[in-house]
C-alpha cells in the first residue's frame, strides 16, 4: 500500500528504476480539460538525468506515453494513465551491490520489510519513481490553469528553486522570481552569483567522491482563499506529507518555519490590513499563506530540506546481507547533489496538493 | 472533509471548543485489546488546561466517556467512540471578537471558506479539537504495547519533550530520557536548569502581553524494523502530516533534519555495523531511524516547530469582518506558550501513525 | 474497519444496541446548509420500535442530540456528530443467550471473528446501529433539497415502500406514489387492500412464533443526469453496497433486475425518444434510471430483499458456545417482520449515496 | 474518480476499448508472493473475445505484460502494474454511431456527464475495461492460495458458471461443481444437456438480430470463518458492489436471495449443528455462507443477473446527439449473450473481495 496520493485528485504511481517502465494513473481529472502533452514532457525534461554536468550522466530520454483518458486533446473523465519506458538499464553495473547494504540507502529497510530487495538501482526507492509524480503534477498544473480561466481568477504560479546547497545560500525575492529565472542556470538557483558558487561546490564534491544536500524553496502566488480541509487535511499538512514523501527529504517548513520559534507572538502575528479588492490582506506573511490550515490568499511559502545524496564514491563501512562488516566503494553514475533535479518534482507535488484541494473545496460553493 | 486520519487504524474527530462536546471515533482497533481507561484519562490530563500557572486557566475536567466498542474492559472490534463534554463555555467572553478577524488565527480563513465562522473560542480550529486525538493516541499506545507483548518484542517507547522555548534550548540525551523526566517540570522540559529558564521567559512574555513558540523533540525507541509504506505513505511522510496537522505547527524534521543540508554525504551517511542481534545497526543516526521511508530499527527522532501563540493581550492592528481597519485587544484566557501542553498531543499523533503502520505491515508477515 | 461509508459525503457510525449510545459522524457536509432538526427526528421516529403493534414493543424515544458542526441552525463545514442515548437496556433479558449461538444471527460469526461477542441484543450487529444511518440520511436529504433549490432544479423525491411481505405483493404506481401514501398504514405499504392482508399475515406469524421477510421497493424521481462514477463506483454499485450493508438483506435489483434476464435485448432496450426539455428520454425504463453506471434522468428504481427476522420464538436446534447441541427458545421483544421499519432506513441509504455522488460530480461542472 | 476498488488489496484500472492499452495497478500485494504469469494469462484467455462462435469475433490476443512489482517470479511489495495493448481497433467501424445514442448503452450518460463521449466501441464503458479486473483477480487468487498454504488451511475454491440464459436454467450441484466442469462447454454451463439448449437459444438470438441475458451463479468453498467488516463493509455488501460494478449487471443475491422473502423464519433459519472439527456448522445454508456480514465457513453462494446485451442488430428507435428521432441499425461485432465471458470476470471480482478481506482480517489475529 502507500502508492496513491490525494483524495479527489488521486494519483497512483508504479514502476521501478530498472523494470519495464514507470508510470502513473490519475483518477479524478475533470472531463474536458485540454491537455498539452508538451507541457507534460517539458516537466519530465526538467527532471530527467543528463541535463547538465551537474547531474547524473545516465541518459534516458524519458518520453511519456499517454495510454488512456485523453481523446482529441481533452480529458474524457476516465483515468489518465501515463507511461515512461525504462531504457539504459545496465543492471550489471549494480552487481557489486548485490551483497552489501549501502549506507543511508533503502537497501536494508526494503530487504527487512519485503524480504526481497530489488537491488538494481534502488528499485522502487529510486528517484526514478518520481517520473510518475512529475507527469501527474504537470496535469495538475493544467487543471489549475483551466479552472482559473473558467472562474475568471488569476493563474496560480508555482515557483520552486534551489535556495541553498551545503552552506551556500541564495537571496531571492519570492514576490517576483519567475520560472524562467529558475531555468536560467543548471543549478536552478535564480541568484546568478550564488548559482556559480553552488556549481563550484557541487563540482568539488564530485571530484572529492562526496555529495551535498540543500534546500528547495517554493512560493505559490495567486492561491485562492479557502484551500485546505481541517483538521487533518490542513493545506500545510498535506503539503508536508507530499514533500516528505520525496526521496531524501529530511525537513519541511511553511512560512517562517523553524525561525518562527524564536519570534514572539507580537513579532510573528500577521496584522490584517484592508486589501484593495475588499479581501483582508496581511502586512507581513510569517504564516506563509496559510492560517488554521486554510489558504488566506497571501503567497504560500515552503521550504524543503534534502540530505546529501547517499551514493558517494568514497569508501564506506557497511555490512553484507549476511551481516558481516565490509567496505563499499560505489561505482556507477549518480548526482553529487540532487537539488537541481528536485525542483520540478517539488513543483509537481505542490501542484498535486493544490489540485486536490481545489476539487475538494467545490462543495462549499453551491449553497448561498 | 479532512476529519479522519489513518488508513488501517483510522480516527475521526468531531466537536468544537464551545459546542456540546468534542470526541473521536476509532475504526480498526483490533478486537480483544485490554483497554485501561485510566491511561486514556491520564493522557487527557496531561493535555488539559489549568495544569499549572504556565497554561491557560480555563478549567475543564475533560473526563472522557467511552460510548462504544468496549465491553468488560476489552475492545469488541466495533468502533470505539469517546466523548468529552464541553464545560465552562463562557461564550460571552468572546463577544468582542464577533466583528474582527484576529491576526494569525483561523477566523478569516474559516469565514472565507465556510461562510459562517464559529466565533466563540475558535470553534473547530481550537486546540480543544485535539482532545479526540489524545484519547485516540492513548488507545494506539495500548495497542502498540499489547502487540509488543503478543509478539515478544520490547515495548515501543515514545517520549516527547519541550526542546526549545523562544531562544532557550535544552540539552537532553534522547537515548535515556524517560516520560517521568518529562513530567517532572510543568514546562515538560527534562533539562531542569533550562526548564527554570523557560519558565521565566514564559512568565515574562505573559506579563508583557506577548507569547512564545518553540520546538518539541520526540524520540521513539524500540521501533520495529519495517514500518512505513513507500512511496507516499513513507513513515516520515505520515509523521509529517500528523504533526503538521496540529494547530500552530510551522515545521517538521526527522533525524538531522535541516542541519543535514549543511553536511556532506560522507559526514551524513550512517555507516552500518554488525548488530549484536544479527540485525545491522548504524554507527550514527543522522537518518533518524528511517531510510527509504521505512523504519530501520534505530531510534526514530523528530522535531516539530510551534509558532508563538497567536492570542496575545497587546493591541494589534486588524480589520473588521466588513474589511475596515481596527485595533484588537484580546481578552479571555490563553496560554502564553503552547509548548508544554503540545507534548502529549505530539505523543498521541506519533502513536497513531505507528499503530496504523503496524497494522498495515501485517500483510508481509504471512508468506514465507 | 468498515464503519465508514461514502467518499465525499462520508459517514462513520458507532455504537451497540446495549452500550451507552449509538451515533454517527458526518464529514463533508457543505457549509451553510440549513438543518432542520425536526426532519432528522422525524426520520428517526419512522425507524424507532414501538410505533405500532406490527413492530417490537421495545420502547425507545430515540431523541437525537447534535453534538457538533451546526451553529445557528446551519452547518459550519465541521463534522456533524449526532448521538442517540440507549435506554430501556434490559440486558438481563438476554442472559439465556449467553451460552448459545442463535441460528442465522451474527452471534457465531462475531464470536469467531472478534473473539468476544457482545451478547446483549446483538451488539453492533443489532438493527439499532442503523439509527446513525437514518440520522445521517436525513441530513443528506436536506443537502439534496438545498442543492436543488440553489441550482434551480426540481427537488429529488425518494420514496420507498413495502412491496411484498412473504407472498403478499402490492401493486403501486411508482410514478405517483408519495411519502404520505407510504405513511398511511403501519405496514408502509401504500396499496391499502394489500396492506391489510400484510398486517394479517404478519400477525399470524407472530402468533405462530414465526417471522416473515419481504421486499422494499424504491423509486427516486427527479434524479439529475450524470450521477455515478464508473467503473467501480457506478451508481447502482454504490446503491447495491449501501443496501446490502443493511442487516437482513439478501438481494438487490435495479430496474427490471432479475426479470431482465428472461427478456431479449429487443424487449429490454429502452428506446430513446426526444424529450420535452431537449434531454433524450426513454420510452420504457427497464434500465431503472441508470445506464453505464450513470443516472440518465429517468426514475431510479430499486428493490431490496429482506430475509425473515432471524429471531423467532419457536424452539430451534443450535449449538452452545462450547459446540454442543442444544435447543433454543428465544425470549424478549422482536419484530416478526422488519419490513415496515426497514423503509426509512432504505430511504436514508439511498439519500446518502445520492448526496455523495452529487458532491463527487461537481468537478465536471467547472470547465466549459 | 471511481476507478479504484478495495481497501487493503486495492486495484486501479485504466484504459478504454480503443485507446492505446488497458491495464491495472495493484497496491497492497504482499511481498514474496510467487506469481505464475501463465495463471494470469489463462484467466485473460477465458475472458477474451473470439473463443467460440458464441462470442464476438473481434480477435484480440490480449497478452498481458507485467510492468512492475515482480522480480524473479515473486512480488516485491511494490505495486504490480499490468498492461494489455489494444489491437484490432477498427474505429472506422463505429463511425455510424458518432451521431446517435445507442439505446441502453452508456453513450448518452457519458456524454451528459463528461461532455465528450469516447465513441468508438463504448470507450471506458466497454467490457474491455474488465481486462484489468481479470488480471488483478488472477493475482488475488494466487494470494489466496499462498495464504492457505502458509497457514495450513484448505485452498479456497471459487467456481462460477452460467446458471441461466434467457429462460433456460441449469441444475448444478454447488457442492461438487469444478472449474473443469465449467470449462467443458463454451457456454460455461456445466449441465451438459442444458448447455446444448443454451447454445441453441443464443444462436437463434444472433440469427434473429437479438440478444439474451441470464445469470451467473458462484460458489466459494473453504471460505475461512471471519471475513467481512461490519457494518458497511459486510462481506456480502462488498461482493454486491463488486458484481454490480460490472457492465450489464442488474441484480445480485446471496444465499437464498429473493426467494428468502417468501420463506418464514422457521424455514429460512440455518440451524446450527456440531461440526466435525469443533466449528459449528449449519444444517441448511440459506444464509449463503455469511451471517451478520461475516463469513461463517459454509459455502458462499451468490447469483448475479446480467441483462441482454444492449447491442443488437435489429433496427431501434433512438435519438441523435442533437435530440432528433432516428433509427439505428448497429453494425460491428458483438456478443449476442455475454454470460459465457462474464464467468471469469465474476470469478475475478469475488477473488478480489476475498483477498481484500483476508488482509483486513489480519489485525484480529495478533492479540491472544
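Here are the numbers:
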| item | result |
| --- | --- |
| Residue under evaluation residue A:19, criteria (1) within 14 Å of another protein chain (Cβ to nearest Cβ); (2) modelled with pLDDT under 95; (3) at positive phi, criterion not met | (3) |
| Qualifying residue in segment C:144-151 (condition: away from chain D (no Cβ under 14 Å), under 30 Å from residue C:77 (Cα atoms), within 20 Å of the chain's Cα centre (by Cα) and modelled with pLDDT of 95 or more) | yes |
| Those helices (runs of 4 or more DSSP H) lying entirely in segment C:189-287 with at least 3 residues at the interface with another protein chain (Cβ under 9 Å from one of its Cβ atoms) | C:235-244, C:265-268 |
| Matching residues in segment D:153-188 - criterion: being more than 14 Å from chain C (Cβ to nearest Cβ), closer than 21 Å to residue C:262 by Cα and exposed (fewer than 14 other Cβ atoms within 10 Å of the Cβ) | D:171 |
| Residue in segment A:118-143 that is nearest to the chain's Cα centre (by Cα), counting only those that are outside any helix (DSSP H, G or I) and surrounded by fewer than 24 Cβ atoms within 10 Å (Cβ to Cβ) | A:126 |
| Residues of segment C:24-55 that turn out to be surrounded by 19 or more Cβ atoms within 10 Å (Cβ to Cβ) and under 16 Å from the mean Cα position of the chain (by Cα), as a count | 8 |
| The lone exception for residue B:302 - which of (1) at positive phi; (2) modelled with pLDDT of 95 or more it fails | (1) |
| The one condition in (1) at pLDDT 95 or above; (2) within 14 Å of chain A (Cβ to nearest Cβ); (3) touching a helix residue (DSSP H, G or I) at 6+ places or on another chain (Cβ under 7 Å) that residue B:103 fails to fulfil | (3) |
| Tally of residues being surrounded by 23 or more Cβ atoms within 10 Å (Cβ to Cβ), in a loop (DSSP other than H, G, I, E, B) and either more than 9 Å from every other protein chain (Cβ to nearest Cβ) or touching a helix residue (DSSP H, G or I) at 6+ places or on another chain (Cβ under 6 Å) (or both) across segment A:299-333 | 4 |
| Residue match in segment C:351-358 (condition: more than 9 Å from every other protein chain (Cβ to nearest Cβ), under 30 Å from residue A:10 (Cα atoms) and in a loop (DSSP other than H, G, I, E, B)) | no |
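Yes or no, residue by residue, for (1) in contact (Cβ under 8 Å) with a residue 24 or more places away in the chain; (2) under 26 Å from residue D:159 (Cβ atoms); (3) out of contact with any strand residue (DSSP E or B) (no Cβ under 8 Å at 6 or more places or on another chain):
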{"position": "D:265", "(1), (2), (3)": "no, no, no"}
{"position": "D:268", "(1), (2), (3)": "no, yes, yes"}
{"position": "D:272", "(1), (2), (3)": "no, yes, no"}
{"position": "D:279", "(1), (2), (3)": "yes, yes, yes"}
{"position": "D:284", "(1), (2), (3)": "no, yes, yes"}
{"position": "D:288", "(1), (2), (3)": "yes, yes, no"}
{"position": "D:292", "(1), (2), (3)": "yes, yes, yes"}
{"position": "D:311", "(1), (2), (3)": "yes, no, yes"}
{"position": "D:317", "(1), (2), (3)": "yes, no, no"}
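The values are calculated or read from the model by the stated rules, or taken from the named source; none is laboratory data. Bear in mind that the values here come from a model prediction, so they are computed numbers and not experimental data. So basically every Cβ, Gly included, is an ideal-geometry build from the backbone, and we count neighbours across all protein chains shown.
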